[in-house]
Structures are given as C-alpha cells and as structure tokens.
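Worksheet: the structure to be examined is printed underneath.
The values are calculated or read from the model by the stated rules, or taken from the named source; none is laboratory data. This is a predicted model, so every value here is computed, not measured. Here the Cβ is made from the backbone with ideal geometry for all residues, glycine too, and neighbour counts use every protein chain on show. The protein model used for the area step is the full one, side chains on, heavy atoms only, and it has no ligands, DNA or RNA in it. Shrake-Rupley method; radii C 1.70, N 1.55, O 1.52, S 1.80 Å.
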Amino acid sequence: MTEPDDEVRRILAQEVFIRGANRPFAELTRDDAAARADELRAAVGWGPTARVAPVARAWRELTLAMDRAGAGAVRDLGPDVLVELAPKLWVRLPG
C-alpha cells in the first residue's frame, strides 16, 4: 500500500506540459491552472472531445482551491486537496 506522503510527493513531482515546457505539478501557479482550465474548456465539443469537460472543470476546481487557500503554487495546497484532485486533473491517472 502507498503511504500518503509518498503519494503526495509523486503527485507534486509529476510533470505537466505548460508554458511550453514540462514542469513539476508542484510549481504550477494559480494562473497556470486557470489557463489550463480555459484551454481545455475551449476544446470541449461533441463526441470524443466531450470527455475533456470533466478535466476542464477539475482544473477550474484547482484554481478555486488555490484561491481559497491563498496558495501561490500547487505545492502550497494541503495533501487532502492534492490527493482528491490529482486523478480528476489527470495528473495521476484515475483508478
């Protein structure tokens, strides 16, 4: 079984392609999260692209969580928030 601290470390270290480069999830800012939410929301359409909508909503949820916590970067969020949102964001694959 995975220890919670190990899981959080893996989530924070996971690289996300944003601003033209792969960056650790931990370093993403609120503006990065908002931009990703907007980018994904713009890609939502019908058929297969409809599957993007829940991921776009999750990035918006991350933005709101960062606002509530006053977090300057993802690393500033609590472990419970990270573990809950990571699969929704596809930072950690669901399941």
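Using modelled amide H (1.01 Å from N, peptide plane; none on Pro or chain starts), what sits under 5 Å from the amide H of residue 18, excluding residues fewer than 5 places away?
Result for residue 18 returns 23.
Roll a 1.4 Å probe over the protein chains and send me the accessible area per residue for the chain in Å².
Dividing the accessible area of the chain by its residue count gives 62 Å².
Residues of region 3-25 with amide nitrogen under 20 Å from the 7 Å Cα-to-Cβ point of residue 43?
14-25
So if I restrict to the alpha-carbon atoms in the chain, what is the Rg, and what is Dmax, the biggest pairwise distance, in Å?
In order Rg, Dmax, the Cα atoms of the chain give 13.0, 39 Å.
Run the numbers for residue 53 and residue 88: contour at 0.36 nm per residue of separation, minus the present Cα-Cα distance, in nm.
Difference between extended and current length: 11.5 nm.
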